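Novice: Please read through the structure below; I'll follow up with questions.
The values are calculated or read from the model by the stated rules, or taken from the named source; none is laboratory data. Computed from a prediction, not measured in an experiment: that's the story for all the values here. Ideal geometry is used to build each Cβ from the backbone, glycine not excepted, and the neighbour counts take in all protein chains shown. To get the accessible areas, we keep the full protein, side chains included, count just its heavy atoms, and leave off ligands, DNA and RNA. Shrake-Rupley method; radii C 1.70, N 1.55, O 1.52, S 1.80 Å.
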Amino acid sequence: MLGSAAEADDVVQDVWVRWQTTNRSTVQDPPAYLATSAVRLSINVLQSARSRRESYVGVWLPEPVDTTSDPRLGAERAEALELAVLLLMEKLAPPERAAYILREAFDYPYGRIAEVLQVSEENARQLVSRARKHIAEGRRRPVEAAQQRRLLEAFVDAAQRGDFHGLERLFAADVVSYSDGGGLVRAAQKPIDGRERVAKFISTVTRYWHGITLSFIEANGRPCVLMSREGECAGLASVEASEDGIDQILWFMRPSKLSGISLSSQQLRRVPESL
């Protein structure tokens, strides 16, 4: 719902406090009560977060969730958890976003969604329909995870070598690169788009990869590459690919966006110093 672990933690804490002070003898369905409270509080947070994200330094990206240790989470929640979908959901009105997540990620019936959002069942159907249409219009049909992993590995290899033409061959014509440094880490503050411009940008920053350790992990149910330097997370990169090639690259550089990604259980691969 929120794209932020810190904001999600705050909502969970608020729901817990409400639960502690509620007369539970009047609650007929505790799970439904808790879920409804979480959704409504999340809608309130989203409404207030919009202005903060508009003033965010550079590109704001939703926080990645490490699903390496729990692959079922990525599989069960794929329709609402994929980073490309989360990015598109930022453009939805909060009630549309809530309706979409409840339907696609949790398979709520429309009647239940209507109760949570305090709308009619017909309105709940319309909210889900509008959200689906917007998301379908905003992305191409993604490739399978195995193919995305191969493209991600090829992308990292070409990026390390500064292979401009190799990168071009991997990209769709309208590829876009988004970097989230939040003003705390050096990163491109605006999206870079177009095959030639993105390939030129990435091929000229090979120095970034020096001394970097790579770990291919799963985040939000999709293959990603974790970059670390001296045992500390330095960034996470994810690509979104269709039959036309890589059409989106997401760079997560802000430290707070990486707090949920653990290095301890990853098998790390040292990048040769000569690269």
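Novice: In segment 141-159, which residue that is of a type in the set (Lys, Arg) and surrounded by fewer than 17 Cβ atoms within 10 Å (Cβ to Cβ) is farthest from GLY235 (Cα to Cα)? Break it down into steps so the answer makes sense when it comes.
Specialist: First pass over segment 141-159, keeping only residues of a type in the set (Lys, Arg): 141, 149-150.
Filter again for surrounded by fewer than 17 Cβ atoms within 10 Å (Cβ to Cβ), leaving 141, 150.
Values: ARG141: 26, ARG150: 20 Å.
This residue is ARG141.
For (1) surrounded by fewer than 17 Cβ atoms within 10 Å (Cβ to Cβ); (2) among the aromatic types (Phe, Trp, Tyr); (3) closer than 16 Å to MET253 by Cβ, each residue gets a yes or a no:
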site	(1), (2), (3)
ASP180	no, no, yes
GLY183	yes, no, yes
ALA188	no, no, yes
GLY194	yes, no, no
ILE202	no, no, yes
TRP209	no, yes, yes
LEU214	no, no, yes
VAL225	no, no, yes
VAL239	no, no, yes
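Novice: Right, here's the next one. How many residues does segment 35-66 hold that are at pLDDT 90 or above, in a helix (DSSP H, G or I) and open to solvent by less than 60 Å² (accessible area, probe 1.4 Å)?
Specialist: 10
Novice: Let me ask something else. Check off (1) surrounded by fewer than 20 Cβ atoms within 10 Å (Cβ to Cβ); (2) within 17 Å of GLN118 (Cβ to Cβ) for ALA5 and give me the number that stays unchecked.
Specialist: Of the numbered conditions (1) surrounded by fewer than 20 Cβ atoms within 10 Å (Cβ to Cβ); (2) within 17 Å of GLN118 (Cβ to Cβ), the odd one out for ALA5 is (2).
Novice: Inspect segment 201-211 for any residue being under 15 Å from the mean Cα position of the chain (by Cα), of a type in the set (S, T, N, Q) and farther than 21 Å from THR68 by Cα and give the result as yes or no.
Specialist: So the first thing to find is which residues in segment 201-211 are under 15 Å from the mean Cα position of the chain (by Cα), and the list is none.
Checking segment 201-211: not a single residue is under 15 Å from the mean Cα position of the chain (by Cα), of a type in the set (S, T, N, Q) and farther than 21 Å from THR68 by Cα.
Novice: Give the residues of segment 25-34 that are part of a helix (DSSP H, G or I) and loosely packed, with under 10 Cβ neighbours inside 10 Å, sorted by residue number.
Specialist: Correct list: SER25, THR26, PRO31.
Novice: From the residues in segment 67-91 that are more than 8 Å from the chain's Cα centre (by Cα) and at pLDDT 85 or above, which one is surrounded by the fewest Cβ atoms within 10 Å (Cβ to Cβ)?
Specialist: LYS91
Novice: Further question: What pairs can you find where one residue is in segment 183-196 and without any contact (Cβ under 8 Å) to a residue 60 or more places away in the chain, the other is in a helix (DSSP H, G or I) and of a type in the set (Asp, Glu), and their Cβ atoms are less than 8 Å apart, with a gap of 6+ or different chains?
Specialist: ARG195/GLU168; GLU196/GLU168
Novice: Could you tell me which numbered condition ALA173 fails, if it satisfies all but one of (1) open to solvent by 10 Å² or more (accessible area, probe 1.4 Å); (2) part of a helix (DSSP H, G or I); (3) farther than 22 Å from LEU236 by Cα; (4) not acidic (Asp, Glu)?
Specialist: Going through the list (1) open to solvent by 10 Å² or more (accessible area, probe 1.4 Å); (2) part of a helix (DSSP H, G or I); (3) farther than 22 Å from LEU236 by Cα; (4) not acidic (Asp, Glu), ALA173 breaks only (2).
Novice: What are the residues in segment 177-200 that are out of contact with any Gly (no Cβ under 8 Å at 6 or more places or on another chain) and assigned to a strand (DSSP E or B), if any?
Specialist: SER177, TYR178, ILE192, ASP193
Novice: Can you name the residue in segment 129-149 that is assigned to a loop (DSSP other than H, G, I, E, B) and in contact (Cβ under 8 Å) with a residue 40 or more places away in the chain and, of all such residues, is farthest from TYR110 (Cα to Cα)? Step through it out loud before you land on a result.
Specialist: Restricting attention to segment 129-149, the residues satisfying the condition of being assigned to a loop (DSSP other than H, G, I, E, B) are 139-144.
Okay, now just the ones that are also in contact (Cβ under 8 Å) with a residue 40 or more places away in the chain, so 139-143.
Values: ARG139: 25, ARG140: 27, ARG141: 26, PRO142: 27, VAL143: 30 Å.
Filtering first and then ranking leaves VAL143.
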